[in-house]
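Below you'll find the structure, written out as structure tokens, and then a few comments.
None of the figures in this text is laboratory data; all of them are computed from the coordinates on show. Not measured: the values here are computed from a predicted model. With ideal geometry, Cβ positions are generated from the backbone for all residues, glycine too; neighbour counts draw on all protein chains shown.
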Amino acid sequence: MSSKGFTMMAVGDLILSGSESSSIFDLALPALKSADVLVGQLETAFTDRGVTTMRNLSGRGSNPKYMSVLQSAGFNVLTFAGTHVWDSGIPGIEDTLEGLRNLGIAVVGVGMNIDEARKPVIIERNGTRIGFLAYDTVGPEVGWATPRKPGSAYVEVITHYQAEGGGMSAGMLPVIYTFTEPASLKAMVDDIQKLRPLCDVLVVSLHKGVPHQLAKLAMYEQPISYTAVDAGADLILAHHPHLLRGVEYYQGKPIFHGLGRFAFALPAALQKNKGTKDEWRKKIEERIEEYRGGLVKREDPTFPYPPASFHTIIAKIAIQDGKISRLSYLPCAINDQQQPEVVGNNEKGKPVFDHMEKITREAELNVRYEWEGDEVVIHA
């Protein structure tokens, strides 16, 4: 018997720490609320009793009052396996899991031990079951769960540096090789295979990649995504670099290699940790040509992300009869108040389309994009 179709939407990295958090979604709210299932990647913990860790010198997490903003925006599932899961220690994990679940938002990829962190989330819409798993691949290792410690599910990635030319001359620039560690990769495969008979559409979230690198994928990124698909995943949603990455199809399954940052309401204290405004301006000026690529330089050079990060998307996944039937995205532009705005096929949206085409081509991925009204269809 055929099931009624519905739409799942997915966005990238979310930080709700600053005073702008309450209005951060205002310009995207109509689109977000139109989703039958809305998924995002939570970057930081919500807690007011965090402890000092090496990742968070103040011990502060995001104010728990901002969790309700995610509920109001319509989020159903948050993936949390990522770089900052341990920033506020055990209290941050406990308070985030309890608070979001009390609001009816499912959290996947993090738990009070490794078994909980690897546990899937399954939700149902219109008779179709959607299963979610989430894994961190970038560390730090202190944020990974163990049998006796809270943290995230993970696949370990080994990095090897080899001088160009096989090390024939000392001091040459290295070639960087990255490989997944076999045991943790097998654990991911086992999780996917166990979940496969329990759902119709299986989504794997991967926190992966190199921050602030425009288009190039690290060596391990496609193999780990392909392994997940081979094990039974129908859709890969990736994030971490805070920049968009291209999209590809593998064995007929879509892979979003990087959804970019979507909503960053950052605390004012962050700027103090980045040095003076003049020092940060100099850092940006030194790197701006690498990031520019025809993109607009922002007015505030103290904001700690490159200009390309002001392009983002909402992935739109149509599901019919228990499978993905159509793939598209809504182009978004992030304004100087850090609000993502759905912009459509106009003078604001076309730069996002052009950027997606450029980074997809440079990464040699196999999709093409086509405008259909104010959204962009992704063709294999």
> PRE reach from GLN337 (point 7 Å along Cα→Cβ): which of the range 16-32 fall under 15 Å by backbone N?
Replying inline: 18-30
> If R0 is 22 Å, what FRET efficiency do you get for MET219 and LYS358 from their C-beta distance, rounded to 0.05?
Replying inline: 0.55
> ³J(HN,Hα) across the range 374-380 via Karplus (A = 6.51, B = -1.76, C = 1.60, θ = phi - 60°), whole Hz, x for Gly/Pro?
Replying inline: 9, 10, 10, 7, 9, 9, 6
> In terms of modelled amide H atoms, which long-range or inter-chain residues lie less than 5 Å from the amide H of ARG118?
Replying inline: none
> Quick one: length gained pulling LYS348 to ARG148 fully straight, 0.36 nm per residue minus the C-alpha distance?
Replying inline: 67.1 nm
> Taking the Cα centre of the chain as origin and charging only Cβ (+1 Lys, Arg; -1 Asp, Glu), how large is the dipole, in debye to the nearest 20?
Replying inline: 320
> When the chain is fully extended, how far beyond the present Cα-Cα distance does GLU20 get from ILE90, taking 0.36 nm per residue of separation?
Replying inline: 22.6 nm
>> If R₀ is 45 angstrom, what is the calculated FRET efficiency for the pair ARG49 and GLU370, using the beta carbon separation as r and rounding to 0.05?
In response: 0.35
>> Once you keep just the Cα pairs under 8 angstrom separated by 6 or more residues, what percentage relative contact order results for the range 6-379?
In response: 16
>> Students often check this: by mean Cβ neighbours within 10 Å, which of 197-206, 61-70 ranks highest, and how do the rest follow?
In response: 197-206, 61-70
